[in-house]
1. Based on a Kirkwood Rh over C-alpha pairs, give the Stokes-Einstein translational diffusion coefficient of segment 247-402 at 10 °C and viscosity 1.306 mPa s in µm²/s.
2. So what is the 222 nm mean residue ellipticity for the chain from helices alone, if each DSSP H run of at least 4 adds -39500 (n - 2.57) and you divide by all residues, rounding to the nearest 500 deg cm²/dmol?
3. Using a 10 Å cut-off around each Cβ, can you sort 379, 97, 366, 282 from fewest to most neighbouring Cβ atoms?
4. Of all DSSP beta bridges located in the chain, what percent are antiparallel, nearest 5?
5. Quote the relative contact order of segment 1-394 in percent (integer), defining contacts as alpha-carbon pairs under 8 Å separated by 6+ residues.
6. May I ask you to give the average projected area over all directions of the convex hull of the Cα atoms of segment 1-394, in nm² rounded to one decimal?
7. Would you mind ranking 63, 58 so that the residue whose beta carbon has the fewest other beta carbons within 10 Å leads the list?
8. Please report how far the C-alpha centroid of segment 243-303 lies from that of segment 31-101, rounded to the nearest whole angstrom.
């Protein structure tokens, strides 16, 4: 009798882990999104000489639909990819008209379920798709009214590497550096908070964990992360082997990881003709495309074989992009909210990660909400998350549930 746990892990490896060892006849290259036609996004010639967080370009932008009372800017800056190579990343910066010099700065990591570059916040802000950024306008407008400046990074990077969560943490921190190094914005000495939900929460949680080693100079006084997929293996286990409404997200994450780790995570080598066709459909897709094309599909629809042996290299990539596996712990206080009954992102890995942080001396407040729906849980926990960040700016002691 086959081992169900091993079979599930093997299926994960294609949909979320990818596998090595394909025959030469099956070798196939990863697909990347079309280059953005806007020259602002192109990496400049001096990229390699810049330090992480250095500003490369700045331009003013129109105020996006649904936003009010702010100046809007876009910054290109130098960051680092998962192989240690320099990349040009971007962030939006919103400056409220009622702000004060060196006032509060929030880095907000939006959910980006996408493989297409046009789906990033700096692009989606100017669309009317409520599944992208417009739904966040009320909460961000409330932040602007309090005088908070807000940075919204394109945290999937220039290849839209969906699933590469550690990269998202690095880009988030370098985006904050860039905003503070652009001295004309008068944010150099601002106290910093970070926030995000789901994929945005994963970038936020990784940024908090990476900051002590990667960006210790940043004055990050608190972070709020909700619905975080702390362990990609747990997420894939929740999806299972059978057809699932959210299978498109799992497959897109595998393709995004392949973009970031083409040699260590070669998903394309394991796809059937049907799988390659699905890959082409998703290659430039946003949330609606990914969910619609992948709905009720499963591993057997795209895999060369339904049972595969996962490679150490692919497993290592998954661990490197799971917050629960990263050995570093945050030194900034954290507010983490999650549904106890989330059917898409189980809370088990959150509990394990919080317990490890508490044992290491971190200040963590875990807030449980009751909604079984992943997105509804975001709304249920948002008021407490905002109150938590407000208290950090007031200088109040951070609460702990450790």
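1. Numbers: Rh = 18.2 Å.
Rounded, D is 87 µm²/s.
2. -10500 deg cm²/dmol
3. Lowest to highest Cβ neighbour count: 97, 379, 366, 282.
4. 50
5. Across segment 1-394, relative contact order equals 21 percent.
6. Value for segment 1-394: 18.4 nm².
7. So the residues, fewest neighbours to most, are 63, 58.
8. Rounded to whole Å, the Cα centres lie 28 Å apart.
Rule-based calculations on the coordinates, nothing more; no lab input. In this text the structure is predicted, and so the values were computed from the model without any measurement. Quick reminder, even Gly has a Cβ in these numbers, built from the backbone with ideal geometry, and neighbours come from all protein chains shown.
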